[in-house]
1. Which GluC sites (Glu not before Pro) does the chain hold that lie in a coil by DSSP with at most 16 other beta carbons within 10 Å?
2. Along the Cα→Cβ direction, 7 angstrom out, place labels at residue 38 and residue 75. What is the inter-label distance in nm?
3. Cut-off is 10 Å between beta-carbons; in what order do 21, 67 appear when sorted fewest neighbours first?
4. Roughly speaking, what is the stretch gain from residue 18 to residue 68, that is 0.36 nm per residue apart minus the C-alpha to C-alpha distance, in nm to one decimal?
5. Any number yet on Rg/Rh for the chain, C-alpha, Kirkwood?
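None of the figures in this text is laboratory data; all of them are computed from the coordinates on show. Since the structure is predicted, the reported quantities are computational estimates derived from the model, not experimental observations. Please note: Cβ atoms are built from the backbone with ideal geometry, for glycine as well, and neighbour counts cover all protein chains shown.
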Amino acid sequence: MRCVIARFPFDLTKSGVLASMKGIKPEQVIGESVIIGRRTYPVKQVGQVITRQDRRDFSAGEVLRAMTQLGFTCRG
C-alpha cells in the first residue's frame with residue numbers, strides 16, 4: 001500500500017511492518033499506540049522505525065492512518 005508520511009511516499013505492507021518491528025523493544029506508551037503482533041508500541045516509535053525518519057518530521061496521525069489501512073489495531 002502506498003502512503004505518504006512526512007511528504008515522502010512509502011510502499012508499506014503488513015508483513016513488511018511486522019518484519020521491521022521484529023526484535024524492537026516497545027517504549028512506554030503515552031498517547032496513541034499501535035498493536036503489532038502481541039506488543040503495543042507508541043505510534044511515533046513505529047513511524048521512526050518504518051520510515052527511518054526523525055520523530056519530529058511526521059505526525060502521529062499520518063502513521064495511525066497508514067497502520068489502520070494496513071489492518072493493525074490502533075488506540076488513541
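1. 27
2. 1.6 nm
3. 21, 67
4. Additional length available on full extension: 16.6 nm.
5. Value, to two decimals: 0.90.
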